[in-house]
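The values are calculated or read from the model by the stated rules, or taken from the named source; none is laboratory data. This is a predicted model, so every value here is computed, not measured. Glycine also receives a Cβ, built like all others from the backbone with ideal geometry; neighbour counts cover every protein chain displayed. Only protein heavy atoms, including side chains, enter the accessible area calculation; ligands, DNA and RNA are left aside. Shrake-Rupley method; radii C 1.70, N 1.55, O 1.52, S 1.80 Å.
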Amino acid sequence: MTIALPAGAEILPDADAVARAAAERLIAACEAVRTERIAICLSGGSTPKRLYALLAGPDHVGRVPWARVHWFFGDDRVVPWDDPRSNVRMVREAFGHGAPIPATHLHFIPSDAGAEAGAQAYARTLLDFYGADALDPARPLFDCVLLGLGEDGHTASLFPGQPALAETTALAAPVPEAGMAPLVPRITLTYPALASSALVLFLVAGPGKRDPLRRLGAGEDLPAARVASRGRIAWLIDAAAADA
């Protein structure tokens, strides 16, 4: 069955190829930034983990302007940062010791504060970094946002039917009940935060993503379909997900 893919989709052979293409796109996004600081929003998941390892590896580490890049998180689970379910732990392990990231440039979601307080604190962190009390449509918060696609159509921790989908002002929101395992509360960036971006890059790999891609192509109102960007949205999809 042919899947109608999102606009801007690039089909690649496998998840490794998706990660390599994402590395090139992310480095190009960094090179396009003319200001002193670069803001990248990270995603959880196995394909982004491959990407982070690549960026810290010998072929790419010298091409990333580490001293200028600030790394943020699109979502995380309300667990300790050393918990195997934590995106913080995953990112730290994936970057390893090869990435020369200044200690103050990894902006973790304060999951130890709980979902509600953690969301409020992270929204404040984002605005403090941005340097204003509200986002300006002409000046994106993020230079690049990395996102995935869940088998239920969610992205970040924006799950079908959850109140966070309706948030129009706050930059981060609590997710008391996750839509899929692990069933622990989460904190997620909201649509307004994700939209304040120069580039949104979806990384999609594996046969489990065929159904949500098909549903997106059919026009279904899945959470991932609502993501907007002040700049561009691009999709890197492997052949298994695209059923190619």
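Restricting segment 17-35 to residues that are part of a helix (DSSP H, G or I) and among the basic types (K, R), which is farthest from G208 (Cα to Cα)? Break it down stepwise before answering.
Initially, segment 17-35 is screened for residues part of a helix (DSSP H, G or I), giving 17-32.
From the residues that got through so far, the ones that are among the basic types (K, R) too are 20, 25.
Numbers: R20: 21, R25: 24 Å.
Residue satisfying both the conditions and the ranking: R25.
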**OP:** State all residues of segment 33-69 that are open to solvent by 70 Å² or more (accessible area, probe 1.4 Å) and more than 19 Å from D238 (Cα to Cα); if no residue qualifies, say none.
**Re:** R34, T35, E36, R37, P58, D59, G62, R63, A67, R68
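Is it true that some residue in segment 23-36 is in contact (Cβ under 8 Å) with a residue 40 or more places away in the chain, closer than 20 Å to H154 by Cβ and in contact with a strand residue (DSSP E or B) (Cβ under 8 Å, 6 or more places away or on another chain)? Lay out the reasoning, then the answer.
At the first step, the residues of segment 23-36 found to be in contact (Cβ under 8 Å) with a residue 40 or more places away in the chain are 25-26, 29-30, 32-33.
In the following step, the residues that additionally are closer than 20 Å to H154 by Cβ were identified as none.
Checked against the condition, which is being in contact (Cβ under 8 Å) with a residue 40 or more places away in the chain, closer than 20 Å to H154 by Cβ and in contact with a strand residue (DSSP E or B) (Cβ under 8 Å, 6 or more places away or on another chain), segment 23-36 yields no hits at all.
Filter segment 37-47 for residues that are within 19 Å of T155 (Cβ to Cβ) and of a type in the set (A, V, I, L, M, F, W, C) and give the result. Full working, then the answer.
The first filter runs over segment 37-47 and keeps only residues within 19 Å of T155 (Cβ to Cβ), leaving 39-47.
Correct list: A39, I40, C41, L42.
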Original post:
Tell me, which residue of segment 97-113 that is within 19 Å of the chain's Cα centre (by Cα) and β-branched (V, I, T) is least open to solvent (accessible area, probe 1.4 Å)?
Top reply: I109
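Criterion first (in contact with a helix residue (DSSP H, G or I) (Cβ under 6 Å, 6 or more places away or on another chain), at pLDDT 95 or above and surrounded by 14 or more Cβ atoms within 10 Å (Cβ to Cβ)) does F72 satisfy it?
On the way: in contact with a helix residue (DSSP H, G or I) (Cβ under 6 Å, 6 or more places away or on another chain): no; at pLDDT 95 or above: yes; surrounded by 14 or more Cβ atoms within 10 Å (Cβ to Cβ): yes.
The answer is no for F72.
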Subject >> Matching residues, segment 210-244, being out of contact with any Phe, Trp or Tyr (no Cβ under 8 Å at 6 or more places or on another chain), hydrophobic (A, V, I, L, M, F, W, C), open to solvent by less than 50 Å² (accessible area, probe 1.4 Å) and assigned to a helix (DSSP H, G or I) >> reply: L213, L216, A239, A240, A241, A242
Subject >> segment 1-20: number of residues that are open to solvent by 20 Å² or more (accessible area, probe 1.4 Å), of a type outside the set (D, E) and modelled with pLDDT of 95 or more >> reply: 4
